[in-house]
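Below is one structure, written out as structure tokens, with a few remarks after it.
Rule-based calculations on the coordinates, nothing more; no lab input. These numbers were taken from a predicted model, which means no experiment stands behind them. Cβ placement follows ideal geometry from the backbone for every residue including glycine, while neighbour counts extend to all protein chains displayed.
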Amino acid sequence: MTMKLGLKLAALATAVSALLWGCGPSKPVLNLYTWSDYIDENLVKEFEKQYNCKVVIDTFDSNEFMYAKLKAGGSGYDVIVPTSYMSKIMNDQKMLLKLDHSKLPNSKYIDKRYLDNLAIDKKMEYCIPYMLGYTCIAYNKEKLGDIPQTWEVFSNEKNKGRMTMLNDYRETIGAGLMFNGYSINTRNEKELEKAKEQVLKWKKNLAKFDNEVYKAGIQSGEFLVVQGYSGDLFQVLDESPNLSFMIPKEGVMIACDDMVIPASADNPELAYKFINFFMDPKNAAKNMEYTCYAAPIPEAKKYLPEELRTHPGMIFPEALFKAGQIIQDLGDDNAKYLKVWDEIKISQ
């Protein structure tokens, strides 16, 4: 071996060694599957720094899409954020871990009023509540003034073509049920038929059923009245003094999205740390400011800025703990709602 060749090989060996040393051991990865724009990215960075890990976020736009993906073989997620009714379905099908509360000391901060009055999993056996929201109505008060606090607002022909309701069969049929004094989880076909007739009356005045552009539409003035999710709407309302919101006197649908650990999780220990981190009241407060939803953690309120401590999106209205209704899984009877929704959608 010539001296020049020996020197080249030695230099190459040194470079490879330096490269391998620079890489070091790989960081653990937590794979999160959640709704879009639903977690404070600065908090995620803090978690990554504290636990020397990497968080990879994947998003879905409906519980049904998420569920179908998992059932089709999608795996590798460590924390998923389904709505409570879907959490129950997944747990019933053995898709979730039973939670070890010794690894979740911050679960003591979860609101007992929510657990006692609204929660499906009251003992948090398989899910931890993440954010509470409710369906309400936003409207252009500059053009409409004050409007009646009722779902019947969608019957106002003067606003025809300038209103939207959600493209969600449980939410919109639920509005028709509540307007008529029925449970949003009824299995009674006569009550569902009456709700259908009511929604069809409203449909004549709607621009469309919509989940995507109602926020931009109410803000731009294209729409005057929209049914939407509280967090989405308050993100717009907080920036638009010409808009206001209304909670119908007949009641509203309440939704809670949960944090769960799938049975197939690659890194359940890191998942426990992640869930516990976001239940810390200080972190919950920051996350509430970002999402405009209410973390069911009363202790978080004192960490909010003074001007946000009465915010109706972040501080869940007391009356809703009794007046609101939470969507339940109806099993085979869910087909009754799908049938009604199909009839609503195809009707001219």
>> Whole angstrom only: what separates the Cα centroid of the stretch 272-300 from the Cα centroid of the stretch 133-192?
In response: 30 Å
>> For the chain, give me the percentage of DSSP beta bridges that are antiparallel, rounded to the nearest 5 percent.
In response: 55 percent
> List the trypsin sites (Lys or Arg not before Pro) in the stretch 183-217 that DSSP assigns to loop (not H, G, I, E or B) and whose Cβ has at most 15 other Cβ atoms within 10 Å. Which are they?
Replying inline: ARG187, LYS204
>> Could you tell me how many cubic angstrom of Cα convex hull volume the stretch 38-125 has per residue?
In response: 131 Å³
> What's the Kirkwood radius of the stretch 79-132 in Å, using all Cα pairs?
Replying inline: 11.7 Å
> What angle do you read, to the nearest 10 degrees and between 0 and 90, between the alpha-carbon axis of helix 169-179 and the longest principal axis of the chain?
Replying inline: 40 degrees
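Mean shadow of the stretch 25-183, computed from the convex hull of its alpha carbons, in nm²?
13.7 nm²
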> Quick one: putting +1 on the C-beta of Lys and Arg, -1 on the C-beta of Asp and Glu, what dipole do you get for the chain around its Cα centre, in Debye to the nearest 20?
Replying inline: 400 debye
> What shape does the stretch 224-348 take by its C-alpha gyration tensor, where a ≥ b ≥ c are the square roots of the eigenvalues and a/c under 1.5 counts as rounded, a/b above b/c as prolate, and the rest as oblate?
Replying inline: oblate
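For the stretch 121-229, what is Rg from Cα atoms divided by 2.2 N^0.38 Å, rounded to two decimals? Can you show the working numbers first?
Numbers: Rg = 15.4 Å, N = 109, 2.2 N^0.38 = 13.1 Å.
Taking N as the residue count of the stretch 121-229, the ratio is 1.18.
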> Amide H of TYR126: which non-local residues (sequence gap of 5 or more, or other chain) have their own amide H closer than 5 Å, using H built in the peptide plane?
Replying inline: LEU99
> Can you list the residues, at least 5 places off or on another chain, whose amide H is less than 5 Å from the amide H of VAL29, using H built in the peptide plane?
Replying inline: LYS54
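Test of the criteria: in the stretch 233-335, which GluC sites (Glu not before Pro) are in a DSSP loop and have at most 13 other Cβ atoms within 10 angstrom of their Cβ?
GLU239, GLU318
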> How far, in degrees from 0 to 90, does helix 3-23 lean away from the longest principal axis of the Cα atoms of the chain, to the nearest 10?
Replying inline: 30 degrees
> Counting other Cβ atoms within 10 Å of each Cβ, which trypsin sites (Lys or Arg not before Pro) in the stretch 48-132 have at most 11 and sit in a DSSP loop?
Replying inline: LYS94, LYS98, LYS123
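For the chain, count the residues as N, evaluate 2.2 N^0.38 Å, and divide the Cα radius of gyration by that value, please.
Here the answer is 1.19, to two decimals.
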>> Relative contact order for the chain: what percent, with Cα pairs under 8 Å and sequence separation of 6 or more?
In response: 26 percent
>> So, R0 is 56 Å and r is the distance between the beta-carbons of ARG187 and GLU46; what FRET efficiency does that work out to, to 0.05?
In response: 0.80
> To the nearest 10 degrees, how steeply does helix 41-51 sit against the main Cα axis of the chain, on a 0 to 90 scale?
Replying inline: 40 degrees
